[in-house]
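The values are calculated or read from the model by the stated rules, or taken from the named source; none is laboratory data. These numbers were taken from a predicted model, which means no experiment stands behind them. FYI the Cβ positions are ideal-geometry reconstructions off the backbone, even for glycines, and counts take in every protein chain you see. When the accessible area is computed, the model is the full protein with side chains, heavy atoms only, and any ligands, DNA or RNA have been set aside. Shrake-Rupley method; radii C 1.70, N 1.55, O 1.52, S 1.80 Å.
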Amino acid sequence: MQIIMIMFPILIFFHSFWRWLVLGSLVYSIFIAYRGKTGKLNYTASVNQWRHWTATIAHVQLLLGMSLYFQSPVVMFQMLDAPGKLLNEQTFFRYIHLSMMMLAVVLITIGSAKAKRQKTDAEKFDVMLTWFIVAFIVIFIAIPWPFSPLASRPFIRSI
């Protein structure tokens, strides 16, 4: 139990920090795909690496999140603080955040795999752009931003 109390704030910090890497790599990959599609550019090795690293960064974030999910006191507590309220912080983290983030990582994974297997450069950019934009929207909705009415968290959590 003591190791969980030590690891939990560290995991929270890395999960909070890593979200910026996920968002940054996803936005940059979307930008690359948009530029490649509209400019009829070649799908180069560096574009392929960005596609791959975006998916890898998202997978690391999912692992951090799943580690937190099974240790989080927010998820473990019973919904006693607002029994009459359907959407509260526990519901958000227990169901909404978890399912939407898993969906987003699945979308990134599918988009990355499908883009890699397309025949033409234009198809690769198109598939990457479409799947990554949808994943970005899902992630943006599911992040507990400081302005979120369901579960507000700071932009960066400290240790």
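Structure values in brief
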| read-out | value |
| --- | --- |
| Gly84, sole failed condition from (1) modelled with pLDDT of 95 or more; (2) of a type outside the set (D, E, K, R); (3) surrounded by fewer than 16 Cβ atoms within 10 Å (Cβ to Cβ) | (1) |
| Hits in the range 18-42 (condition: over 18 Å from Ile133 (Cα atoms) and either surrounded by 14 or more Cβ atoms within 10 Å (Cβ to Cβ) or β-branched (Val, Ile, Thr) (or both)) | Trp18, Leu41 |
| Boolean, Gln78 is crowded, with 16+ Cβ neighbours inside 10 Å and either modelled with pLDDT under 95 or in a loop (DSSP other than H, G, I, E, B) (or both) | no |
| Subset of the range 43-74 [open to solvent by 70 Å² or more (accessible area, probe 1.4 Å) and farther than 15 Å from Phe17 by Cα] | Ala45, Gln49, Trp50, His52, Trp53, Phe70 |
| Tally of residues being of a type outside the set (Val, Ile, Thr) and modelled with pLDDT under 95 across the range 123-149 | 8 |
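A quick yes/no check of all residues on (1) among the basic types (Lys, Arg); (2) over 23 Å from Ile141 (Cα atoms); (3) within 21 Å of the chain's Cα centre (by Cα):
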| residue | (1), (2), (3) |
| --- | --- |
| Leu11 | no, no, yes |
| His15 | no, no, yes |
| Val27 | no, no, yes |
| Ile30 | no, no, yes |
| Ala33 | no, no, yes |
| Lys37 | yes, yes, no |
| Tyr43 | no, yes, no |
| Trp53 | no, no, yes |
